[in-house]
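As structure tokens, the structure follows; a few thoughts come after it.
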Amino acid sequence: MSGARIGHGYDVHRLAEGRRLILGGVDIPWERGLLGHSDADVLTHAVMDALLGAAGLGDIGQHFPDTDPAYAGADSLKLLEHVAGLLRERGFVVGNVDATVLAQRPKLAPHIPRMRENLARAMGAEPAQVNVKATTEEGLGFTGSGGGMAAHAVCLLIG
Ligand code: MG
């Protein structure tokens with residue numbers, strides 16, 4: 001099937017003491033980090049799910065099961081490289097990705113340029129094709145209370 005295909009991804013991770021906070025491959029100094037089997041990079045996970053969704057390839061849980069010790073502590077950018085390879089094999093090119101991180105704290109704006117560079121590099125794209133935004137949820141819900149962070153992503157693939 002050729003043409004443009006849209007994809008959506010959404011992910012959530014809890015915040016916990018004694019964990020690094022990694023978003024879009026950027027290691028952000030913070031009092032807590034995201035909990036998960038891999039590096040728990042919630043932004044990169046949402047981006048991967050958007051790409052896999054657009055390609056009709058399921059989700060990251062199918063490709064990188066959290067029961068598999070191979071993915072313990074995994075660098076999510078490496079997983080994104082793998083996903084990008086799957087897309088290339090099927091003749092897809094990334095048009096663009098747009099993502100939003102939902103987090104009450106810390107301030108993410110200073111880190112966004114590096115997130116865009118990291119995600120773009122892993123996908124074989126340019127930073128201009130990868131937009132990242134951050135918002136709080138005004139103190140509401142689990143992101144507002146600091147229980148966790150969430151990320152949404154959409155993408156367009158050209159096939
Ligand atoms: Mg995840």
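The values are calculated or read from the model by the stated rules, or taken from the named source; none is laboratory data. It should be emphasised that the depicted structure is a prediction, and the values quoted were computed from it without experimental measurement. Backbone-built Cβ (ideal geometry, glycine too); neighbour counts: all protein chains shown. Each accessible area value is taken on the protein alone, full model and side chains, heavy atoms only, with ligands, DNA and RNA left out. Shrake-Rupley method; radii C 1.70, N 1.55, O 1.52, S 1.80 Å.
What's the FRET efficiency of residue 4 with residue 135 using the Cβ-Cβ distance as r and R₀ = 30 Å, to the nearest 0.05?
My answer for the efficiency is 0.65.
Let me check against my output: what whole-number percent is the relative contact order of the chain, with C-alpha pairs under 8 Å and at least 6 apart?
34 percent
Can you list the residues of the range 28-68 with backbone N under 16 Å from a point 7 Å past the Cα of residue 16, pointing along Cα to Cβ?
Answer for the range 28-68: 31-42, 66-68.
Can you run phi through the Karplus equation (6.51, -1.76, 1.60; θ = phi - 60°) for the range 142-155 and list ³J(HN,Hα) in whole Hz, with x for Gly and Pro?
Taking θ as phi minus 60°, the curve returns 6, 6, x, 7, x, x, x, 10, 10, 8, 10, 8, 10, 8 Hz for the range 142-155.
Ignoring everything except DSSP H segments at least 4 long, calculate the 222 nm mean residue ellipticity for the chain; use -39,500 (n - 2.57) per segment, divide by total residues, nearest 500.
After summing the helix terms and dividing by residue count, I get -8500 deg cm²/dmol.
Contour minus end-to-end for residue 107 and residue 89, with contour as 0.36 nm per residue of separation and end-to-end as the Cα-Cα distance?
Taking residue 107 through residue 89 to full extension adds about 2.7 nm, to one decimal.
For the range 131-158 and the range 9-58, what is the centre-to-centre distance using only Cα atoms, to the nearest Å?
Their Cα centres are 11 Å away from one another.
Under 5 Å between amide hydrogens, which residues at least 5 positions from residue 95 or on another chain qualify, with H placed 1.01 Å from N in the peptide plane?
156, 157, 158
Per residue, how much accessible surface does the range 1-155 expose to a 1.4 Å probe? Answer in Å², no decimals.
48 Å²
Using the alpha-carbon atoms, what tilt in degrees (0 to 90, nearest 10) does helix 112-123 show relative to the longest principal axis of the chain?
Approximately 40 degrees, to the nearest ten.
Can you send over the carbon and sulfur percentage of the accessible area for the range 29-157, probe radius 1.4 Å, protein chains only?
53 percent
Starting from the Cα-Cα distance between residue 100 and residue 128, subtract it from 0.36 nm times their residue separation and give me the gain in nm to one decimal.
8.5 nm
For the chain, count all C-alpha to C-alpha pairs, find those more than 24 Å apart, and express that count as a whole percent of the total.
28 percent
Can you compute the modelled spin-label distance between residue 63 and residue 158, with each label point 7 Å from Cα toward Cβ, in nm?
Using points 7 Å along Cα→Cβ, the separation is 2.1 nm.
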